[in-house]
Every structure is written in C-alpha cells, then in structure tokens.
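Worksheet for the structure shown next.
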Amino acid sequence: MSEKHPARSAGFRRTLLTILNVAYPFAPVGPDAVGGAEQILTALDSAIVRAGHRSLVVACEGSACAGTLIPTPAWTAIDAAAYEPAHRAVREAVDKAVRRDPVDVVHFHGLDFAAYLAPPGPPVLATLHLAPDRYPPQALRPERPRTWLHCVSEGQHRTCPEGAPLLAPVPNGVDLEVLRPSRHPPRSFALSLGRICPAKGFHLALEAARRAGAPFVLGGEVFPYEDHQRYFREEIEPRLGEGDRFLGPLGLARKRRLLAAARCLVIPSQVAETSSLVAMEALACGTPVVAFRVGALPEIVEPGRTGFLVSGVEEMAEAIRQAETIDRRECRRAAEERFSADLMVSRYLNLYQDLAGSVHA
C-alpha cells in the first residue's frame with residue numbers, strides 16, 4: 001500500500017494557521033452532533049481555536065462551532081434530488097472561502113467530499129470516516145495535487161486500495177474531562193446509541209437484551225432516509241417491550257448521564273466499523289462494551305478487561321448478563337491510556353503544520 005507523506009519544511013514553521021474544515025452537507029456539527037465525523041470535526045474546530053489558530057467551518061445551517069461558521073442550506077429530505085444542489089452549495093462555499101482567506105489546509109470529512117473538492121491551491125486532507133468501499137473510486141485516487149487521505153484505525157487503513165495517497169492513521173479520541181464515571185452504582189439497563197439504520201443492527205441488541213432479561217434503552221436519530229425510517233417502523237418499534245425505551249436524539253449532557261449509568265453499552269453493528277466513538281465514550285464513563293467482532297471494534301474492546309466481543313445474539317445476551325463482572329475502573333483506565341481527545345487533536349494539529357509546511361518546503 002502506498003503511503004505518501006508531505007515533506008516537513010526544514011526552516012518554515014507557521015505560528016498561526018487558518019484551517020478550513022468541511023462537513024458532510026446533510027448533518028449539522030456542534031456539541032450535540034450525532035455522527036462520528038461531525039463529533040470529530042467539532043472537537044477539531046474547538047482545538048484549533050484553543051491553540052490560537054483560525055478555524056473556518058463549512059457546514060449546514062443549524063451547526064454551532066467555536067470558529068467561524070460558513071453556513072450552507074439545511075435539507076429536510078435527503079434524497080437524490082438534494083445531492084446536486086447540496087454539493088453545489090458546499091463547492092461554492094469552499095471556493096469562496098479559499099479565494100477570500102489565506103487558508104493553509106482544507107480538511108474534508110464527508111463521504112461525498114470528491115463532489116466538492118477544493119480548487120487547486122492549499123493542501124487538502126480528507127479523513128475517511130467510513131469504510132473505503134463506501135467511497136467512489138475516484139475519491140480514493142484524487143487527481144487534485146497536494147491531496148492526502150487518512151484513516152481512523154489500522155484495520156481500516158489495511159483495507160484501502162493500493163496506490164491511494166494515504167498518510168498514517170489518526171485514531172479517534174473522546175473528551176475525558178466531559179465523559180467521566182458516575183459516583184453511583186450502575187443501573188440494570190443495557191444501552192445502545194447511534195444512527196437508527198439497518199447497518200447498526202439495533203434490533204439484534206433489543207433481542208439480546210430481552211434474552212438477557214435486561215431493560216433496553218436506545219438513543220439516536222432516525223434521519224429522513226426512506227430505508228432508515230422503514231427500519232425503525234418495521235424492526236425497532238415492534239420489538240420495544242415493557243421496560244424498553246426509545247429516546248430519540250440525545251444531547252451531550254443526557255448521553256453522558258446514560259453512558260455512565262448503563263449496565264453496558266451494546267454495539268450490534270452489521271458492518272465493519274472503522275472506529276467507534278460511542279465505545280470510547282462508554283469506556284471513558286467506566287461502562288463496559290459488548291460488541292460484535294467486526295471492523296475496528298477488536299482494536300477498542302479488550303475482552304475480559306473492558307467488555308466482550310461476541311459472534312451472535314445468544315453470545316451477546318450472555319455478555320450482557322456478565323457485564324457486571326467487568327471492573328469499571330479498568331474501563332476508565334483503558335480510555336485514559338488509549339482514547340484521549342487531547343492526543344487525537346495534537347496529532348491533527350501537528351499534521352496541519354506539516355501539510356502547511358509542505359507548500360513552502
């Protein structure tokens with residue numbers, strides 16, 4: 001696999017950078033963002049400002065950021081008819097920002113970034129938040145000069161096609177100050193959080209919790225995609241039994257309380273997750289994780305120490321029953337050792353410096 005690194009300038013080092021982060025057009029960014037890519041962008045925006053740099057963010061209306069928001073239209077329906085005008089709006093916003101401001105690095109986060117790639121000029125970094133096969137082939141081999149890609153886990157990196165302009169992975173991290181264990185004993189419910197869609201497999205977590213005799217709590221947004229809404233109607237609603245609850249979208253404060261109070265976090269993903277912020281968040285709150293053995297989850301969950309990796313619904317049910325045997329202090333310790341947002345953002349800030357320096361090398 002090809003791995004091309006920008007040259008680090010021997011003598012040039014900017015003390016102040018202007019970073020333009022570009023979000024997926026259909027999901028707002030901010031402290032209460034739902035998606036992993038939006039949460040990472042939000043953390044980076046705040047870190048850029050705290051470090052004294054200038055942060056510009058192209059994101060849809062309704063977003064909140066620490067730096068300067070460059071808003072694009074919000075879309076109530078996400079379908080084929082919305083893609084072209086949404087991409088055009090983002091492309092125009094990016095082009096205008098690059099022409100107006102001395103942007104040092106443009107950082108893309110959307111699955112569809114190739115549709116609104118920045119014009120030739122400043123270095124571009126595109127974070128692959130999803131599996132490589134979710135991106136169009138041309139996105140992984142961009143013709144634009146000074147354009148680099150990177151993954152968020154080693155497992156994801158290994159699945160990228162030969163010849164992609166890949167930098168080393170930058171693993172995700174979470175805010176260990178905001179996410180902390182509760183002072184109270186955990187409650188009996190099993191918890192799942194995330195986008196409500198077939199790929200997340202939450203109907204299997206519902207079934208596993210029922211078999212384990214544990215109440216089940218599900219939080220997350222049903223986005224206005226037809227298949228997402230059908231999945232909720234046909235697979236989730238009919239399975240919600242007595243004692244189970246669907247809470248809908250959650251803000252950060254409520255999510256934190258639930259994670260700290262849960263018996264365990266259950267991740268029944270049906271696809272190879274490239275990372276799992278919610279698993280890291282649970283561990284930061286001292287809560288063990290029960291997950292299917294897919295994608296990057298084996299890089300996060302340490303069986304017997306911070307949770308269990310399972311292969312089916314019956315094993316998941318047994319792991320939910322056994323979650324109380326996990327030392328919640330070890331879960332927090334693992335998060336401190338491996339999943340700090342401070343470490344993640346420092347890696348990105350260094351990468352921004354390197355990319356900006358490569359122009360002047």
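Here are some notes:
- When Ala139, Ala114, Ala164, Ala126 are checked against the criterion of being open to solvent by 30 Å² or more (accessible area, probe 1.4 Å) and within 22 Å of the chain's Cα centre (by Cα), a single residue qualifies: Ala114.
- Residue within segment 168-187 that is of a type outside the set (A, V, I, L, M), open to solvent by 20 Å² or more (accessible area, probe 1.4 Å) and over 28 Å from Arg333 (Cβ atoms) present: no
- Selection from segment 241-260 of residues that are of a type in the set (A, V, I, L, M, F, W, C), over 16 Å from the mean Cα position of the chain (by Cα) and open to solvent by 50 Å² or more (accessible area, probe 1.4 Å): Phe246
- The C-beta contact set for segment 332-345 (first residue farther than 19 Å from Cys264 by Cα and hydrophobic (A, V, I, L, M, F, W, C), second residue open to solvent by less than 100 Å² (accessible area, probe 1.4 Å) and in a helix (DSSP H, G or I), distance under 7 angstrom, 6+ apart or interchain) comprises Ala341/Ala43; Val345/Ala43; Val345/Leu44; Val345/Ala47.
- Residue list for segment 80-97, restricted to those being open to solvent by less than 30 Å² (accessible area, probe 1.4 Å) and touching a strand residue (DSSP E or B) at 6+ places or on another chain (Cβ under 9 Å): Ala86, Ala89, Val90, Ala93, Val94, Ala97
- In segment 277-299, the residues that are within 16 Å of His157 (Cα to Cα) and open to solvent by 10 Å² or more (accessible area, probe 1.4 Å): Val294, Gly295, Pro298, Glu299
- Residue in segment 147-157 that is of a type in the set (A, V, I, L, M, F, W, C) and at pLDDT below 95 present: no
- Within segment 300-308, one or more residues are under 18 Å from the mean Cα position of the chain (by Cα) and either at pLDDT below 95 or surrounded by 24 or more Cβ atoms within 10 Å (Cβ to Cβ) (or both).
- Annotation: Val313 fulfils all but one of (1) open to solvent by 60 Å² or more (accessible area, probe 1.4 Å); (2) more than 18 Å from Met280 (Cα to Cα); the unmet one is (1).
- Entry remark, segment 261-275: residues being of a type outside the set (A, V, I, L, M, F, W, C) and either open to solvent by less than 10 Å² (accessible area, probe 1.4 Å) or farther than 17 Å from Glu154 by Cα (or both) number 4 in total.
- Count - residues of segment 275-309 that are of a type in the set (Gly, Ala, Ser), within 17 Å of Leu176 (Cβ to Cβ) and in a loop (DSSP other than H, G, I, E, B): 3
- For segment 20-51, the set of residues classified as open to solvent by less than 30 Å² (accessible area, probe 1.4 Å) and charged (D, E, K, R) consists of Glu38, Asp45, listed by residue number.
- Any pair with Cβ under 6 angstrom, 6 or more apart, that starts in segment 192-220 at a residue that is farther than 14 Å from Gly35 by Cβ and without any contact (Cβ under 8 Å) to a residue 60 or more places away in the chain and ends at one that is open to solvent by less than 10 Å² (accessible area, probe 1.4 Å) and outside any helix (DSSP H, G or I): Leu206/Phe216; Phe216/Ala190; Val217/Leu191; Leu218/Ser192
- Checked against (1) in contact with an Asp or Glu (Cβ under 7 Å, 6 or more places away or on another chain); (2) open to solvent by less than 10 Å² (accessible area, probe 1.4 Å); (3) modelled with pLDDT under 95, Ala334 passes all but a single condition, namely (3).
- Every condition in (1) under 27 Å from Thr325 (Cα atoms); (2) without any contact (Cβ under 8 Å) to a residue 60 or more places away in the chain; (3) hydrophobic (A, V, I, L, M, F, W, C); (4) open to solvent by less than 50 Å² (accessible area, probe 1.4 Å) is met by Ile236 except one, and the failing one is (1).
The values are calculated or read from the model by the stated rules, or taken from the named source; none is laboratory data. All values reported here derive from a predicted model rather than from experimental measurement. For neighbour counting, all protein chains shown are included, and Cβ atoms are generated from backbone atoms with ideal geometry for every residue, glycine included. When the accessible area is computed, the model is the full protein with side chains, heavy atoms only, and any ligands, DNA or RNA have been set aside. Shrake-Rupley method; radii C 1.70, N 1.55, O 1.52, S 1.80 Å.
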